């Protein structure tokens, strides 16, 4: 190839062009994503824009108004609670169904760029690669005596998707087409390129709602002042001759030795997301897309590639992990990774692949955060709308952002939270008579906060009021890793406060929680609180309560979802309250809400431990319909909340482990990843490794046929290493990166814990610039399974704050000054301040 990668880079390789979407290579710049198929004859680049969603900005408010008009609200909530207290679950469930709105909106495909090379069907293809350090997808083929190479990347600096082709030893001719699966309303083509105008549906029903009469509904014009319009422009720079086909507006290029194609987008939705919802005409968007693509093309391929690599490498930074002897190099995905021959290389690749995908899908100030498919989707009705499922999947996308050295990639999630909280404030008030803000099971780029389900969604997933409580933990985590007080004050505090205000109003007073044993293992100081209402005023509990997405069996053997005070509710509320109090204390705030929280915490019961030693999923010791359920909802207090630690809460940790054992091994990517992280936090290296080996197997079956949601058919990795159930969901790929990080470094207990869950088979390796809570960066290395050295750097936080370091049964306490490297040997003894550890 005409570009030589850095010798330290990690490249994936495939011997042939992609036969389908699941074999294509992903590139992205946070706004534009593309799946690069390659191919010497008819090459396809499938394009997404992170702001191309169905729906409109006023959709959430209109849906709330409809639900309220149907009778949902505080008075009906009181009826629901009365029915549950009377044991009448059928009435309670029927009433709650009226709280369900329709569905959140869909993330949609945008366009396809086709490059058809003359005579390419006779070419010899030499393979393709994806560089996980530079973000360049490349391929080579030979056409007669002409050597052709092609590179594709998504440049965040110019905001464009770029592909360039170079021919040596001759020239090539090719045809360039730009098509869209959406409604095309404008097209212009000349020798400079193609400009396309499309309309985007104003409503999109998920595939699991087949009875919707019009699954993708377009408007006849602007809706409520919002014009669902997108402009896509392609511009060329070539030494060949360009002509325009009159019949279809495609471009014909002949006699070329070089061709640069740049693609830019401008959408009304992006203007709304960016806070610029003014009356931009369609012509403004068409001109904006054409201008951005034209300016990029004028820079030339090498300048574009140089600025792209500088930007992406700067974002990916110095953070790296090597498990085993190999990281740099080019590895055949099928032979070297999916074969299972080298689990050490597989762990190394999955760590970097997750980091690469997050940097490609989630960038500050570019658009919405990574959704169920990141920013890559080719289906008009993708599985679960490719939206944000916030009872695990969206959170998992960002579990590794901080520890793996990508804090900037976390920011789009906070932008989404601002929108969810805005609509969630109205939902909390109108539906529940509560202060603050609430989120449920789903959201989308418009900030959807209602329950979804269309009046028939099972309450086990649809009726769940803890979405905001879980999402808000990411605000605290970002602060805890970065120690950015300005972020805590300006971004995190208003959202944390609003979340806690809702939770305070959601809790109800009861004399005692019904059922279960009173001892509950609840005396641990690690999780705080008490298993009794210590102030004599009784308990606080949640009613109704569900445990996503599991069901229990009633006394009559009927599957049920509605009860009170599930373990997940109690963990999430406790964590939200504690984080809010800590934030207020750090900011020196005197807020009356903190007095309410302090009064409520002692009355908040802890989850219970069953008579057989399991952490109970519900307040009562109820039999699960599915004991091997894919969700680990009652274990959220262990991971990711960090309220349970094996050292300080051994009873809860043991109960969590027993429940995890009962859940069994894998099911689909995200469930594997969550179980891996749970095992790592329990310091179960054997269990975490076994789960990774299961999850890293190639998918056995048809990737295009969706598996049952119950996990009865296991998932695996696709030929392009995406994790799938199937269908494809990117959360598993992000979750593996996070879990592997937790196996080698943890900091959730206030201690820098080195190699807490290192499998014996991972005998050597090193990590560079991983991040810890407290504003720390860590390098470490190990050999023969033993730590050989660690280097600590302070990048933020209080220089006087002691840093506690642990490896096995050894601990050390050191002070790390900014701008210096504090080096410890494998026995945690200081080496020499200011020098780097050579082993790392």
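Results, tabulated for the structure shown:
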{"read-out": "Qualifying residue in segment 356-370 (condition: assigned to a helix (DSSP H, G or I), surrounded by fewer than 23 Cβ atoms within 10 Å (Cβ to Cβ), in contact with a helix residue (DSSP H, G or I) (Cβ under 8 Å, 6 or more places away or on another chain) and in contact (Cβ under 8 Å) with a residue 12 or more places away in the chain)", "value": "no"}
{"read-out": "Odd one out for residue 315, checked against (1) modelled with pLDDT of 95 or more; (2) touching a helix residue (DSSP H, G or I) at 6+ places or on another chain (Cβ under 7 Å); (3) not in a helix (DSSP H, G or I)", "value": "(3)"}
{"read-out": "Residue in segment 694-715 that is on the phi < 0 side of the Ramachandran plot and part of a helix (DSSP H, G or I) present", "value": "yes"}
{"read-out": "Some residue of segment 620-635 being in a helix (DSSP H, G or I), in contact (Cβ under 8 Å) with a residue 12 or more places away in the chain, in contact with a strand residue (DSSP E or B) (Cβ under 6 Å, 6 or more places away or on another chain) and crowded, with 18+ Cβ neighbours inside 10 Å", "value": "yes"}
{"read-out": "Subset of segment 152-169 that is touching a helix residue (DSSP H, G or I) at 6+ places or on another chain (Cβ under 7 Å) and under 11 Å from residue 138 (Cβ atoms) - its residue that is surrounded by the most Cβ atoms within 10 Å (Cβ to Cβ)", "value": "153"}
{"read-out": "Enumerated strands (runs of 3 or more DSSP E) restricted to segment 763-805, each holding at least 3 residues that are free of Cβ contacts under 8 Å to residues at least 60 places away in the same chain and more than 29 Å from the chain's Cα centre (by Cα)", "value": "786-794"}
{"read-out": "Filtered residue count, segment 656-687, keeping only those that are in a helix (DSSP H, G or I), in contact (Cβ under 8 Å) with a residue 60 or more places away in the chain and more than 22 Å from the chain's Cα centre (by Cα)", "value": "2"}
{"read-out": "Options 212, 124, 198: the member that is touching a residue at least 12 places away in the same chain (Cβ under 8 Å), within 28 Å of residue 63 (Cβ to Cβ) and not assigned by TED's automatic domain parsing to the domain that holds residue 456", "value": "198"}
{"read-out": "Some residue of segment 774-791 being at pLDDT 95 or above, in contact with a helix residue (DSSP H, G or I) (Cβ under 7 Å, 6 or more places away or on another chain) and within 24 Å of residue 481 (Cα to Cα)", "value": "yes"}
{"read-out": "Filter result for residue 726 (outside any strand (DSSP E or B) and without any contact (Cβ under 8 Å) to a residue 24 or more places away in the chain)", "value": "no"}
{"read-out": "Within segment 229-274, strands (runs of 3 or more DSSP E) holding 3 or more residues that are closer than 26 Å to residue 303 by Cβ", "value": "229-238, 251-256, 258-267"}
{"read-out": "Scope segment 379-391; condition assigned to a loop (DSSP other than H, G, I, E, B) and surrounded by fewer than 22 Cβ atoms within 10 Å (Cβ to Cβ); matching residues", "value": "379, 380, 381"}
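A quick yes/no check of all residues on (1) buried (at least 20 other Cβ atoms within 10 Å of the Cβ); (2) under 30 Å from residue 232 (Cα atoms):
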site: 91; (1), (2): no, no
site: 103; (1), (2): yes, yes
site: 109; (1), (2): yes, yes
site: 118; (1), (2): no, yes
site: 124; (1), (2): no, no
site: 145; (1), (2): no, no
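The values are calculated or read from the model by the stated rules, or taken from the named source; none is laboratory data. Just so it is clear, the structure is predicted and the values come from calculations on it, not from any experiment. Ideal geometry is used to build each Cβ from the backbone, glycine not excepted, and the neighbour counts take in all protein chains shown.
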